[in-house]
Each structure stands twice: as structure tokens, then as C-alpha cells.
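Here's the structure, in C-alpha cells; my notes come after.
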Amino acid sequence: MNESSHQNQASLRLDGLHVSLGIYPILHDIHLDCGPGVLGVCGVNGSGKSTLLRTLAGIHEPTQGSISVCGHDLAHEPVEAKRQLGYVPEHAELYPYLSCREICDTVSVLRGAQVHWEQHLKPLGLSEQSDARLSTLSAGQQRKVTMVAALCGEPAVLLLDEPTKALDQQARGYLDKLIEEWMEKERLVVIASHLFSYLEERCTHYLFLQDGRQVAFGSVTKLQQEAKLPDSSLQTLAQSYLPAYASSFS
């Protein structure tokens with residue numbers, strides 16, 4: 001997937017990305033150019049998956065390198081770039097004194113959204129909670145509110161960190177439906193997860209991270225060819241590319 005083929009579509013480009021939190025370097029020299037589809041970010045705990053998604057969402061600032069979202073540089077065109085992004089963090093990070101309605105109305109205004117967010121309430125089982133304050137909701141319900149906020153305006157790039165966490169079966173099924181719709185509409189979904197079986201069923205491309213460093217990037221076919229492991233599963237590829245993951249089986 002090169003930039004010239006999808007510069008007018010959903011796209012994400014990282015060029016020499018380095019990220020430090022305080023004095024601690026977390027991500028080192030990440031490069032990728034990804035168009036529409038589903039990108040799975042793979043790695044063991046502590047490999048930098050969540051930090052990468054938080055950086056893509058504009059929460060962490062790179063210490064070096066650049067991020068481009070649909071042709072907009074995240075550092076120099078933050079408003080334009082962030083309007084293209086929807087982010088569901090692993091843990092809900094919302095103001096507890098606001099309601100789902102207040103949060104989503106605010107996000108919709110900021111994004112200039114034309115598609116109303118209320119369409120997502122019933123499929124997620126939130127119809128009765130739209131005006132409830134976040135502090136009164138369960139962890140799973142708060143995660144669903146985060147999803148609705150991320151979907152406001154149908155962003156071109158959707159970032160999902162451990163998307164199955166705290167979600168019931170109904171919400172997981174609806175999320176799978178949305179991922180399929182994003183693919184059909186030539187948008188990009190980025191999923192960070194330690195569940196290789198979940199990623200293998202949904203993703204078109206993969207990024208392997210080890211200790212914050214990019215080990216491999218590409219489609220399953222490309223990764224199989226590079227590893228000389230034809231027809232191998234994603235878990236087998238992970239054992240080949242990621243020493244930390246392989247050591248857990250020894």
C-alpha cells in the first residue's frame with residue numbers, strides 16, 4: 001500500500017516516529033504507509049501498542065518524526081487531522097460529570113459531523129443511558145459511550161485499543177459490523193490487541209512491535225514470505241518475529 005495509490009482515501013503515514021514519555025523512550029523509528037483496510041498492531045504487553053495509538057490520536061507528542069492522517073500532518077494541521085480520527089482507548093477517559101448526549105453532541109460540533117450519533121445507541125444497548133452521567137455507568141457502558149463518541153461523524157480512520165475489553169456480546173457483534181462497514185467504505189481501522197486470533201479474523205495488514213521497535217509490517221502473505229513460513233497462522237508468525245512472544249511458549 002503506497003501513498004500515491006490512496007492519497008485521496010483514508011490513509012495513515014508514519015515517518016521515523018519516535019516517542020518518549022518523560023525521559024523514557026517508548027517508540028523507536030516507526031515507519032509505515034497504510035491505506036484503507038484493517039491494520040492489526042501486534043505485540044506483548046509493554047511493546048508500545050497503546051502508546052502508538054495514543055500518539056496517533058494526538059495525546060502524546062512525538063519526540064521525532066511525523067504522522068500524516070488522510071494527507072494532514074498531525075503536528076502542523078491538528079484540527080484537520082483529528083477530524084479524520086476516531087479513538088477508543090483501552091480504558092474510558094471521559095468526564096464523569098457529563099452524559100453520553102453531552103459528550104457526543106460536543107464531539108459532533110467539533111468535527112462538524114453530519115451523521116447523528118444516536119443511531120449507535122440501540123445496537124450498543126445504550127438507549128436508556130443517553131442522558132445518564134458517566135459516573136453512574138458501569139465500565140462496559142462507559143466503554144460503549146467512548147465508542148459512540150469515536151464514531152461521531154464517521155471518521156476516516158478509527159483507532160481501537162483492545163476493542164473487546166469490557167464489551168458484552170451484543171456490543172462486540174455491532175463493532176464487528178462497523179469494522180466491515182468501514183472496510184466497504186474504504187476507510188481504515190487500526191486495532192491494537194494481544195489477542196492474535198481476534199486480529200487474524202479481521203485484519204488485512206499487521207504491524208509487529210517488540211520493545212517499541214517495528215519488527216515487521218505488511219499483509220499476512222508478505223509476512224509469510226519474509227519469514228519463509230508459507231500458510232502459517234498469525235500466531236506462528238508472531239512466534240517467528242517476536243522473541244518476547246516466542247519465549248512465552250518455551
Rounded to the nearest 10, the angle in degrees between the Cα long axis of helix 169-184 and the longest principal axis of the Cα atoms of the chain comes to 70 degrees
Among segment 143-159, those whose backbone N falls under 14 Å of a label point 7 Å along Cα→Cβ from ALA132 are 143-146
A correct Karplus calculation of ³J(HN,Hα) over segment 217-232, with 6.51 cos²θ - 1.76 cosθ + 1.60, θ = phi - 60°, whole Hz and x for Gly and Pro, returns 8, x, 6, 4, 4, 4, 5, 4, 5, 5, 7, 6, 10, x, 6, 7
Within segment 1-94, DSSP-loop GluC sites (Glu not before Pro) with at most 14 other C-beta atoms within 10 Å are GLU93
Of the convex hull drawn through the C-alpha atoms of segment 1-132, the volume per residue in Å³ is 147 Å³
Nearest 10, in degrees from 0 to 90: the angle of helix 139-151 to the longest Cα principal axis of the chain is 90 degrees
Once both label points are put 7 Å beyond Cα along the C-beta direction, the THR63-THR221 separation in nm becomes 3.9 nm
In degrees rounded to 10, the 0-90 angle between helix 100-111 Cα long axis and the longest Cα principal axis of the chain is 70 degrees
Quick calc: nm separation of the 7 Å Cα→Cβ label points for GLU184 and GLU102 -> 3.6 nm
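So what's the net charge close to SER99: Lys and Arg +1, Asp and Glu -1, counting the other residues with Cβ under 10 Å from its Cβ? Provide the component values of the computation, followed by the final result.
Numbers: positive: ARG101, ARG133; negative: GLU102, ASP105, ASP131.
With Lys, Arg at +1 and Asp, Glu at -1, the net is -1.
Counting only DSSP beta bridges with both residues in the chain, tell me the antiparallel percent, nearest 5. Could the numbers behind the result be given before it?
Working: 20 of 39 bridges.
Within the chain, antiparallel bridges account for around 50 percent of the total.
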For HIS194, other-chain or 5+-apart residues with amide H closer than 5 Å (H placed, Pro excluded) are none
Residue span LYS122 to ILE23: 0.36 nm per residue of separation minus Cα-Cα distance leaves a gain in nm of 31.2 nm
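Give, as a single signed number, the net charge of other residues whose beta carbon lies under 12 Å from the beta carbon of ARG54, with Lys and Arg counted +1 and Asp and Glu -1.
Working: positive: LYS49; negative: GLU61, GLU90, GLU93, ASP161.
Net charge in that neighbourhood comes out at -3.
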Residues of segment 186-211 with backbone N under 20 Å of the label point set 7 Å from the Cα of THR236 along Cα→Cβ are 195-208
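Would you compute, from DSSP H runs of 4+ residues alone, the mean residue ellipticity of the chain at 222 nm, taking -39500 (n - 2.57) per run and dividing by the full residue count, rounded to the nearest 500?
Numbers: 10 runs with 86 residues, N = 250.
Taking each H run of at least 4 residues, the total per residue is -9500 deg cm²/dmol.
Could you count how many Lys pairs in segment 110-250 have their Cα atoms under 18 Å apart, skipping same-chain pairs fewer than 8 positions apart?
Step by step, the pairs that qualify in segment 110-250 add up to 6.
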With bins of 5 Å, the percent of all Cα-Cα pairs of segment 114-215 per bin from 0 is 2, 11, 22, 23, 18, 12, 7, 3, 1, 0
Karplus ³J(HN,Hα) for segment 72-79 (6.51 cos²θ - 1.76 cosθ + 1.60, θ = phi - 60°; Hz, whole; x = Gly/Pro) runs 9, 6, 5, 7, 9, 10, x, 5
Per DSSP, the loop-located trypsin sites (Lys or Arg not before Pro) within segment 139-193 having at most 16 other beta carbons within 10 Å are LYS165, LYS185
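Past the 33 angstrom mark, what percentage of all C-alpha to C-alpha distances in the chain do you count? Provide the component values of the computation, followed by the final result.
On the way: 5336 of 31125 pairs.
Considering the chain, 17 percent of its Cα-Cα pairs are separated by more than 33 Å.
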Taking Lys and Arg as +1 and Asp and Glu as -1, residues besides ALA171 with C-beta under 9 Å from its C-beta add up to +2
Diffing segment 44-54: the Karplus 3J(HN,Hα) column from phi (6.51, -1.76, 1.60, θ = phi - 60°), in whole Hz with x for Gly and Pro, holds 6, 4, x, 7, x, 4, 5, 4, 4, 5, 5
Spelling it out for LEU158: with amide H atoms placed in the peptide plane at 1.01 Å from N, the residues 5 or more places away or on another chain with amide H under 5 Å from its amide H are GLY86, LEU188, VAL189, VAL190
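Read the figures in this text as sums done on the coordinates, not as results from a lab. Just so it is clear, the structure is predicted and the values come from calculations on it, not from any experiment. No Cβ is skipped: glycine too gets one built from the backbone with ideal geometry, and neighbour counts run over all protein chains shown.
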